[in-house]
Amino acid sequence: MTLRMMTAILGLAAAALAGPPVICERIEIGNAKSLPWRNVNGWDGTEKSYDVAKLTADTVALLEPSMPLSVRMETLRRAAIYAAKHEMIAEQLSARLLARVADGVAAGKQDPLAWFDAGYYAEALRQVTFVYRYDMLSAEERQQWKLRGDKLGLDGRPWVEKAIRLGGRGMEVALVKMEGYRETDLKQRKQVAVK
């Protein structure tokens, strides 16, 4: 076995133990404005009192051009975790973020941030399904979890790559987070689609 193969295997094993990186690796944002969140050990700090019906409007309102990339990524991570129990809201926010891309294309002004937001959120939704599929929830939480990975969703990586090609700065860090679990999951999804 070559050193390169061993490094790859160890990297995959470490990623498997840590959980899906876009979801399980919180990004420290200090007091920056984002979606409501409790300070907890672990990946799920959702506020039980938060009105998830406001998720789409709140998320889009927060994603101002001046928002730092790390805060964008954490906000979109939180949005995906909130949306995991509400499939229609997950789809609503996806549609809104995709519409921002389409509006820019139609106006001849492609915004790297719009491409990034749509892509990173799509990837967060993809990775939030691992939480269900890899049994990271209690029995009660499993019943409430709606995003289970049984449907094909968008692949966010090409959208983030497009944002980078459009001049988005510092976005490569998102691609690194996306690589964890990627190959195994995409292979499994293709097998589900064939059945």
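Bear in mind these aren't lab numbers, they're just calculated from the coordinates by the rules spelled out. Note that the structure is predicted; figures quoted are calculated from it, not measured. Using ideal geometry, Cβ is built from the backbone for each residue, glycine included, and neighbour counts are taken over all protein chains shown.
Brief remarks follow.
- Extension gain, TYR50 to GLU179: 0.36 nm times the residue separation minus the Cα-Cα distance gives 43.4 nm.
- Rounded to the nearest 20 debye, dipole of region 21-194 from Cβ charges on Lys, Arg, Asp, Glu: 220 debye
- ³J(HN,Hα) computed for each position of region 74-90 - Karplus, 6.51 cos²θ - 1.76 cosθ + 1.60, integer Hz, glycine/proline x: 5, 5, 5, 4, 4, 4, 5, 5, 4, 6, 4, 9, 9, 4, 5, 6, 4
- Note that region 38-47 has calculated 3J(HN,Hα) couplings of 8, 7, 10, 7, x, 8, 9, x, 4, 8 Hz, one per residue in order, obtained from phi through the Karplus relation 6.51 cos²θ - 1.76 cosθ + 1.60 (θ = phi - 60°); glycine and proline are x.
- For GLU47, residues with placed amide H under 5 Å, excluding near neighbours: ARG38
- In terms of packing, defined here as the mean over residues of other Cβ atoms within 10 angstrom, the peptides 136-145, 159-168, 57-66 line up highest first as 159-168, 57-66, 136-145.
- Listed peptides 125-133, 34-42, 72-80 appear in the order 72-80, 125-133, 34-42 once ranked by packing, highest mean of other Cβ atoms within 10 Å at the front.
- The mean sequence separation of alpha-carbon pairs under 8 Å and at least six residues apart, normalised by the residue count of region 21-194, gives a relative contact order of 23 percent.
- Both the radius of gyration and Dmax for region 70-121 are 11.6, 36 Å, in that order, over alpha-carbon atoms.
- Ratio of the Cα radius of gyration of region 21-194 to 2.2 N^0.38 Å, where N counts its residues: 0.98
- For region 124-171, the spread of Cα positions along each principal axis, largest first, Å: 44, 21, 15
- Between the beta carbons of LEU154 and ASN41, assuming R0 = 25 Å, the FRET efficiency works out to 0.20 to the nearest 0.05.
- Summarising the label geometry, the points placed 7 Å from Cα in the beta-carbon direction at LEU166 and LYS109 lie 1.2 nm from one another.
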